[in-house]
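Participant: There's a structure below that I have some questions on.
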Amino acid sequence: MRYFFAITRNRAAGHFVKEMSVTDQIPLVCTYQLQNSASLQDFLYRPYFRPNGPEPNVVISRQYSCPDHMSLEDFKSLASLPLGTRIQWSDILVQLTTIRQAGPSSEKGVARDGHQDLCNGFFGRQLIQGLRNGLGRIEENWASCQALGGFIVISARLLSLATSEDVSRACLEYLQACRQTALGWARLVRDKAREATDQNHRVEFLLRAFEISQICATTFDVDHHYLQPILHKPSQAAIFIECSIMIQETTHSALRADSPVQRLCTQSWRRLSSRAFPVLLEEITRRGNTCLEIAIKKSWSGYRPAGEWRPHSVEVEHWLAAETVADPHSNSSSQRVSYDLLTGELLVDGRPLSRLPATFELYPGYESLFGRATIEVMPTGMLGMQFSAMRPFRGYTVYFGLHPYSGLDSPSWDLMLTCIKDQERYDLSIKPPSSHQILPSSSPRPIV
């Protein structure tokens, strides 16, 4: 947007330094861009001078531009959806492309012409019931994550315009149900990525985890007077933080610069994080909300909090820091944990989460225990160990270390493993093949 100086010596008329002209540049920039169906783009374009979209006959005259991956009937149906401002909510299929378009103003009330239906309590209740039915059909299938994202957008839009308290309450309950469903999917797909032995499959699962985590986060994208009480609940705020951590973990592998949809979703999440930041800061540092401990525990099984979370400094309030408990049973010292409320980045002793180094994965005998699964680790304070697994493996928290060993032929390294589950502890020492003892007997000893 450009601004020009105006000379207003005469109050009756203003004189501009440059002649004013109205263009469609800004409406075009503000319109969603279709990535794989460019021929449908013009039907989505509904500026102020064309609120009802193109003329209906245009759909027929442009059948020749139907994309190869789409049937002609689907093309005509999709092209006809945005036609008509006042009937867009009557056809529920329209919501994914037009429900966020403002449209022309109305003299009947606060809502604009295209959104009058949402002010009707009966329509709102029927819409929520339809959304509940839709969620019930897909909640067991994470491959339907895009459909869930559409349901969330519709319910959040209804919440922002509803005038009935019953409808608003139903929208909040529905968003919470969607939040739980998306969170379960995100955890499931993330675990599949860790267990994947094929790199292509792993990348695909990471992409899905990235998308589903963002979809889960959109359930918090509501007006501030709704967002604040949601984040006041530790269980709900912990979900937002857990999603932020997953988004930050998978961004490098999943984010594609050539995908406008991904860029749009990422920008929306960053905007939401900025809105949630002051609320979370207040809740965690001043009200004793335990949401951050709950979320980190889900990401790091060996996490044992101690003390309060405090900002790094007055100038850098979005970075919070706290210490972990020194555990005498596992001979582990205290560690400094840092978390960025804006980006979801989690650090332990100044280092990020990472994959177990290749030195460990290529060690003889490692694959017989862990297969080709990718194990994400964090630095550990346990004496003699370098890393701890972020997630339990077969129900055990696993610690990894490499110790120098003087073999018969030449100096080498022993792979040391400590596995802890409840009150059981197993210490394993895996020696290189040259020592003729790859896996010695373990020495289980209970923790007293």
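Bear in mind these aren't lab numbers, they're just calculated from the coordinates by the rules spelled out. Just so it is clear, the structure is predicted and the values come from calculations on it, not from any experiment. Glycine gets a Cβ as well: all are built from the backbone with ideal geometry, and neighbour counts include every protein chain shown.
Participant: Considering the Cα trace of segment 197-353, what is its radius of gyration and what is Dmax, both in angstroms?
Facilitator: Rg and Dmax of segment 197-353, Cα atoms, are 16.2, 51 Å.
Participant: Once phi is turned into ³J(HN,Hα) by the Karplus curve 6.51 cos²θ - 1.76 cosθ + 1.60 with θ = phi - 60°, what whole-Hz value does each residue of segment 148-154 show in order, with x for glycine and proline?
Facilitator: Per-residue couplings from phi come out as 4, x, x, 4, 5, 4, 5 Hz.
Participant: Right, something else. Mind giving me the nanometre distance, one decimal, between the label points for residue 261 and residue 42, set 7 Å out from Cα along Cα→Cβ?
Facilitator: About 2.4 nm, to one decimal.
Participant: Holding the Cα-Cα limit at 21 Å, pick out from 233/421; 298/421; 192/297 the pairs that are longer than that.
Facilitator: Check vs 21 Å cut-off fails for 233/421.
Participant: With a point put 7 Å past each Cα toward its Cβ, work out how far residue 204 is from residue 160 in nm, to one decimal.
Facilitator: In this crude spin-label approximation the distance works out to 3.5 nm.
Participant: Give, as a single signed number, the net charge of other residues whose beta carbon lies under 14 Å from the beta carbon of residue 58, with Lys and Arg counted +1 and Asp and Glu -1.
Facilitator: +2
Participant: Follow-up question, since we're still on this one. If amide hydrogens are placed 1.01 Å from N in the peptide plane, which non-local residues have theirs closer than 5 Å to the one on residue 412?
Facilitator: 405, 406, 407
Participant: How much net charge surrounds residue 275 when only the other residues with a Cβ under 11 Å from the Cβ of residue 275 are counted, with Lys and Arg +1 and Asp and Glu -1?
Facilitator: So the environment of residue 275 carries a net charge of 0.
Participant: Sticking with this one: Relative to 2.2 N^0.38 Å, what does the C-alpha radius of gyration of segment 212-287 come to as a ratio? Two decimals please.
Facilitator: Computed over Cα atoms of segment 212-287, the ratio equals 1.13.
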